[in-house]
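Report on one structure; see the data block that follows.
The values are calculated or read from the model by the stated rules, or taken from the named source; none is laboratory data. Note that this is a predicted model, so its numbers are computed, not measured. Cβ: placed from backbone, ideal geometry, glycine included. Neighbour counts: every protein chain shown. Just so you know, the surface numbers come from the protein's heavy atoms only, side chains and all, with ligands and any DNA or RNA stripped out. Shrake-Rupley method; radii C 1.70, N 1.55, O 1.52, S 1.80 Å.
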Amino acid sequence: MDKLTSLRAFVKVVELGSFSEAGRQLRLSRSAISKYVSELEQSLGVQLLNRTTRHASPNENGQMYFERALSILADIDAADQAVAHLQSTPRGLLRVNAPMSFGTLQLGPAIADFMEANPELQIHLVLSDEQVDPVQGGFDVTLRIADLESSSLIARKIVPIERVICASPSYLDRHGIPTHPNALRNHAALTYGFLLTGNQWKLTGRDGDHWIQPSWLLCANNAEVLCDAAVKGRGVALLPTFIAGAALRAGKLRTVLDDYKAPPLTLYAIYPPTRHLAVKVRLFIDFLVARFSAGPEGKLNTV
């Protein structure tokens with residue numbers, strides 16, 4: 001038995017005093033309304049209505065049940081309206097995970113602007129360079145800068161992130177400017193990665209692809225650390241433009257091997273698959289796309 005439909009049928013019969021009128025309003029046949037009410041009475045083990053050929057009215061049990069049913073249906077309708085309102089107005093808690101450097105340099109100001117436009121939202125931001133599990137971590141949105149592996153999660157591309165090879169003017173004055181990727185083997189490298197996984201650099205130019213295993217002096221899993229070391233003249237670094245941009249504009253770093261490009265990384269927004277994407281998640285991702293992908297190359301790639 002469909003208890004909710006039976007309740008609605010019973011309430012409508014009591015309100016209108018007629019099975020036929022209740023059927024017309026609920027867009028059901030008179031026989032269907034009668035069946036729903038009979039099943040309800042059978043499940044309760046009591047009669048709720050006094051029936052004639054043209055009229056139906058509640059008995060004592062039916063009147064008491066009618067009043068309680070009205071309250072139950074009102075609570076259900078209120079719950080439906082509350083959820084519908086949440087789906088049209090972003091509110092509640094939005095949990096976001098993002099890489100450390102991107103979070104401090106780019107995402108922080110963006111979230112502040114997003115909060116201004118959505119004052120009813122609470123945002124819990126967790127910055128970490130660890131590859132957290134979005135589902136186990138309980139995150140609504142996880143931002144990653146990477147080449148993603150296949151997954152049951154949904155990933156939306158926000159913007160490609162260019163990388164440049166750069167070093168400080170003082171370092172280049174001392175050690176010379178490399179003119180070919182192979183020359184990097186004679187330079188001190190500041191490289192991103194984990195030693196167990198290796199950290200080759202792939203550079204592509206008119207003469208094809210070049211895979212370079214740099215002779216590193218510093219290997220770190222945070223690109224801001226590498227940028228600081230490069231500014232201090234400690235070596236050559238392959239850095240995302242959103243991290244190296246300020247130092248490049250200030251002349252503290254200079255790009256080299258401009259005719260060769262490293263494969264761009266991509267900023268993705270990852271979220272669990274769901275039939276109805278929460279409005280807070282959809283609006284946040286749309287905001288990031290508009291914020292960071294404006295222009296032909298995206299704001300993150302300006303230097």
TODO: Please list, ordered by first then second residue, the pairs with beta carbon atoms under 7 Å, 6 or more apart or interchain, first in segment 39-54 and closer than 15 Å to ARG8 by Cβ and not assigned by the TED database to the domain that holds VAL11, second among the hydroxyl-bearing types (Ser, Thr, Tyr) and open to solvent by less than 60 Å² (accessible area, probe 1.4 Å).
DONE: none
Open item on the list: I need the full set of residues from segment 86-112 which are touching a residue at least 24 places away in the same chain (Cβ under 8 Å) and open to solvent by 40 Å² or more (accessible area, probe 1.4 Å), in order please.
Closed with: LEU86, GLN87, SER88, ARG91, LEU93, ARG95, MET100, THR104, LEU105, GLN106
TODO: Collect the residues in segment 1-21 that are among the hydrophobic types (A, V, I, L, M, F, W, C), open to solvent by less than 20 Å² (accessible area, probe 1.4 Å) and within 45 Å of the chain's Cα centre (by Cα), keeping them in residue-number order.
DONE: LEU7, ALA9, PHE10, VAL11
Open item on the list: of a type outside the set (A, V, I, L, M, F, W, C), more than 21 Å from VAL159 (Cα to Cα) and surrounded by 14 or more Cβ atoms within 10 Å (Cβ to Cβ): which single residue out of PRO264, PRO181 fits that description?
Closed with: PRO181
Task: Filter result (out of contact with any Gly (no Cβ under 9 Å at 6 or more places or on another chain), in contact (Cβ under 8 Å) with a residue 40 or more places away in the chain and more than 16 Å from PHE102 (Cβ to Cβ)) within segment 114-133 - done: ALA117, ASN118
- [ ] Quickly run through segment 145-176 and pick out the residues that are at pLDDT 95 or above, exposed (fewer than 15 other Cβ atoms within 10 Å of the Cβ) and of a type in the set (Ser, Thr, Tyr).
- [x] SER170
- [ ] Assess whether ASP80 counts as being under 30 Å from VAL135 (Cβ atoms), open to solvent by 80 Å² or more (accessible area, probe 1.4 Å), modelled with pLDDT under 85 and acidic (Asp, Glu).
- [x] yes
Task: Near pairs, Cβ below 8 angstrom, 6+ apart or cross-chain, from segment 277-300 (on the phi > 0 side of the Ramachandran plot) to any residue that is at pLDDT 85 or above and not in a helix (DSSP H, G or I) - done: GLY298/VAL159; GLY298/PRO160; GLY298/ILE161
Task: Residues that are surrounded by 15 or more Cβ atoms within 10 Å (Cβ to Cβ) and small (Gly, Ala, Ser), drawn from segment 205-239 - done: ALA220, ALA223, ALA229, ALA230, GLY233, GLY235, ALA237
Task: Conditions (1) over 20 Å from PRO169 (Cβ atoms); (2) under 24 Å from the mean Cα position of the chain (by Cα); (3) outside the structural domain of GLN106 (by the TED database); number of the one not met by ILE243 - done: (1)
